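*Asks:* Dumping the structure here so I can ask a few things about it.
We did not get these values from a lab; they are worked out from the coordinates using the rules stated. Computed from a predicted structure; not experimentally measured.
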Amino acid sequence: MVLAELGGQITSALRRMSDSTLVDKTVVEACLKEICQALLQADVNVKLVVELKKSVLKAIESDESAAGVNKRRTIERSVFKELVKMLDP
């Protein structure tokens, strides 16, 4: 049950980000904050959550300079990649 709630909260955070007309730093920060809060509520280790947030921000910054990159997709992919990495070290 906890896993389903966690998935729902993460999906909700990503959907809110996707629904926004402009994805700027405040939208990204709000999305990551929601995801981190959901992970912490699900009793995920704080160090892992901080590492996830740093890794996602780093991926966004590295892809930001590339032309024609969809920022929403970059964020979604980065979050997914980090969650998989967290579960399968």
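*Asks:* Kirkwood hydrodynamic radius of the chain from all distinct Cα pairs, in Å?
*Replies:* For the chain, inverting the mean 1/r across all distinct Cα pairs yields 13.3 Å.
*Asks:* So what is the 222 nm mean residue ellipticity for the chain from helices alone, if each DSSP H run of at least 4 adds -39500 (n - 2.57) and you divide by all residues, rounding to the nearest 500 deg cm²/dmol?
*Replies:* Rounded to the nearest 500, it is -27000 deg cm²/dmol.
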